[in-house]
Structure formats: structure tokens, C-alpha cells
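Derivation of every value follows stated rules applied to the coordinates shown; laboratory data play no part. This is a predicted model, so every value here is computed, not measured. Positions of Cβ are backbone-derived with ideal geometry, glycine not excepted, and every protein chain shown enters the neighbour counts.
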Amino acid sequence: MLRIVTTAQRIVIGVRRPGSVILAACVPVAALIAGAPDAARAEPVRAEFASAGKNEAPQFSDLDLLRGPSLSTPLRGLDGALRRSGVDALITSSGQRKLGSGCGKAAGVPSRSLVYCWDHEDSTTRAWVPQGVTGISDAVPGERWSGGGRPMLVSWYDTGSTRITFVNPDRHTYRHVLLVEPVAVGGRATFSDIDVHAGGIAWYGNKLYLADTRRGVREFDMRQIYDLDKSKAGSTENKDWIGLHGKKYYGHGFRYIMAQTGSWHYARGEAGPTCEGIGPMRTSWLSIDRTVSRPVLIAGEYCRPSGPQGRVVTWPLSALNGWSDYVRPDWAALLPDDTIQGGVRTRGYWWFTHNRGGQRGQLLMAHRTSNSWDRVQRQTISHGPEDLSCYRGQRRIWTVAEHAHKRALWGLPARYCY
């Protein structure tokens, strides 16, 4: 049995371990809501500080976020040297890869799903592994970008680098874009690789949020994509080079790079190397809920069966996109199971992907009551299901199957996704 007990300044989380239930030490979380039957009607958490005086620093909780250091100086330098590209130009440019076919059966994709397959190289590589999923339905209410495009995005990691794939379903093509972190070296703007697991992504307006497992969330901007092929100071040669070498900028051979524009770190430090059930949360996956009065960024925690139960939290996107240097969550709870790879909420209804190792994964579907998960249903789905995203216009929940030779980007009809 699991329970969350709220008090004025803390949450006490019941932590499940094999054969027993213990209560963890009180987890400092300022006035969180442990659960709500309808998130759209839930009272928002007030951003109150426990402070003895007006000059005293705020007392932050484990799930509060602080804005990371500014990257404006190196970004200005890159803007002066490289040519920007818009999303629609990127997804219609020459040199796109072609989506394949026939991957659904090997991946174990359920019937009635819409399936996109990578080409042979991306379907079989073990160097790059797909993780996060988001799309145009998360990004804008009308589900079309300014130039008419309707892309879906998938994040991948390898040893030391991270990329985003822009899938263009209208042309049945896709393009990989390298994610980079701007830095200044010797007074000159350059960039470096981003080495994270990339377990979740979420697109909202011009912002793209990337899960940074131990630190929190990294932030990118759709207006901060550079075309190295069209830049005099850019080069698509030399796959071993990254950043500025001599007078040229390199991106491991990628034509397009997308520069990080900011970050949000847990106010009380980094999460641990494994799930602990207390302290800053391991940010394993992300999603967007646009169906509430205040759209939110959702984050969840992957925890193994031998550890404590993972947590799920929502932060208001209005705050993440505002001027404040901190953001407080407006809701949090324990997850309904362990090894949760992704989750999304719409209309007060939840979906979660459940990893089962070598077996096909499961899709968990549930309502949330005031203090528990109600009527959890399970459906066998693909191998290695990951992050989740609701495509409202299609009424489909999308995920990506991660395993080499069993890989697919696919969407299943979902009644409450609209």
C-alpha cells in the first residue's frame, strides 16, 4: 500500500520495498496536492515561502525548479556566425531520410495503430537509441506550425551526444538534428555535445523541453536552429569534431544543430544515481497536458521494482515561460507502478508505459482520485515502449519502441485524447 499524506509544508511518501512498506522521512514539498480527481478543477498550489524576514532566501522544496545560468553571451556569438533555420524549412530541405515500412510486426505494435518506421540504418543501430516523443499537437492548439508543417519529434541518445528527429508525416520523411550546448571559450562562442539519456521531450510553443535525468529540464527554442551547410562559418565535414575548430563550426557531420537556450535545475541539488523516493526527482520522462485551464509540463520518475515507487509532478507552463527564476509544482503523486517509461494526462485521464524487460511492454490506463489510482487497466503493447504524447486531432497516444530491430514510432487510438 502506498500513501501520500500532506501537511502545511511537507509531503510524507509511503515507499514500497520488497516485502514491506515504510514511511520515508518527510519530503519537503511546499503545500503540494497529493491527488485530484479532476486536475482541471484542482486548486493551484500557492507559491508561499517559509521566511523569517523579507531579506531571507526562500525555502525551496525538493520538486521546485530554479532557472539555470544564462547562455545569452555564447548564443549571441553563434547568431553572428551561423545562419538560422525555421522548422518548416528544416522538414522540407533536401537530404531528408525516407521513412521505412514493415516494422510494426517485429516491434509488437498493437492492431489499429498508425506506424512509422525508420530506415534500415536507424532501425538497426545500437549506437543511437530513441527515447522521447512529442509533436505538433503539444506545440500549438491548431496542430499546424506557422508554415503548415505537422512534425513529430523523437529524441535519441548515444555515448556522449543527443539528437532530435523531426518527422514529416506529410512527406514521409525525417531529419536528425544535433542538440548542442553553447559555451564561450577564450572569448569566442562555440558549443559542445549534450550527454544525457534524453528519456523525455515536450514541445510547447517555441520551446522544446528535454529531460535531464539528475538535474531537471533543459530548454531549447525552435528559433535557435542553425543550418551549418548554409553558413559560411559552418561545415558538415569531419564527424569527429564538435564546435569551433579554426574558423569553422562543426557538428559531427550533422547539417542542423539546435542550441540549448536555458535550463531548470532542482532547487535542492541533483537527484541521486538511483531512485531514492525522497529528494530531487530523477526526471525520466516528460509530456504536455493542454486540456487543463493552465497547461502543464508533466515529469515522471523511472524506478526499478527493488526501489521506492517513482513520482510524477506537474509544473505550470505559464511559469516556465514567464520571468520568474523559480517554478513550484502545482500537483504531485506516486506512480501506479514501477518501471514507468512514459506518461501523459488528458481530460483527467492518464496513460503510462510499463517496461517488462524482454517481454512486450504494457500500457497502463487510469483515473486519479483524491489519493489513489482508480480502475487501472493494462494492455499489452510494443516492445520497449518509451515516452508518451497525445495527438489530440488524431485521438491517438504516441510512443516509440526503443529496441534495435524492434523499433517503431507508433500511435494507438485513445478515447480521452482529444
Return the tail of the calculated pair distribution for region 283-360, meaning the percent of Cα-Cα pairs more than 15 Å apart.
57 percent
Using only the C-alpha atoms of region 68-188, find the volume of their convex hull and express it per residue in Å³.
165 Å³
The equivalent-ellipsoid semi-axes of region 222-336, taken as the square roots of five times the Cα gyration tensor eigenvalues and listed largest first in whole Å, are 36, 19, 13
Highest mean packing first, using Cβ neighbours within 10 angstrom, the peptides 336-343, 391-398 sort as 336-343, 391-398
Residue list for region 300-339, given a label point 7 angstrom along the Cα-to-Cβ vector of E270 and an amide N cut-off under 18 Å:
302
Qualifying lysines (Cα of each under 16 Å from Cα of K239; at least 8 residues distant if same chain)
K248
Starting from one equal scatterer on each C-alpha and no solvent at all, send me the Debye-based log10 I(q)/I(0) for region 208-256 at q = 0.14, 0.24 Å⁻¹, two decimals.
-0.45, -0.84
Restricting to the chain, what percent of DSSP beta bridges are antiparallel, rounded to 5?
95 percent
When the distances between all Cα atoms of region 259-310 are binned every 5 Å from zero, what whole-number percent does each bin get?
4, 17, 21, 21, 17, 13, 6, 1
Order these peptides, 111-124, 174-187, 399-412, by their mean beta-carbon neighbour count within 10 angstrom, highest first.
399-412, 174-187, 111-124
Calculated diffusion of region 137-221, Stokes-Einstein form, Kirkwood radius summed over Cα pairs, 25 °C and 0.890 mPa s, µm²/s
173 µm²/s
Dimensionless Rg over Rh [region 323-396; C-alpha; Kirkwood]
1.03
For region 347-388, place one equal point scatterer on every Cα, skip the solvent, and apply the Debye formula. What is log10 of I(q)/I(0) at q = 0.15, 0.18, 0.33 Å⁻¹?
-0.38, -0.52, -1.08
So for region 257-298, averaging the separation of alpha carbon pairs under 8 Å that are six or more residues apart and normalising by length, what relative contact order in percent results?
22 percent
When the gyration tensor of region 58-113 is built from Cα positions, what are the square roots of 5 times its three eigenvalues, in whole Å, from largest to smallest?
38, 28, 8
Distance between region 104-183 and region 332-404 - C-alpha centres, whole angstrom:
19 Å
Burial-style ranking of 137-148, 269-280, average other-beta-carbon count within 10 Å with highest first, yields 269-280, 137-148
What are the lysines whose alpha-carbon lies under 16 Å from the alpha-carbon of K247, with same-chain residues fewer than 8 places away excluded?
K230, K232
Could you compute how fast the chain diffuses translationally, taking Rh as the Kirkwood radius over C-alpha pairs and applying Stokes-Einstein at 20 °C with viscosity 1.002 mPa s? Give it in µm² per second.
98 µm²/s
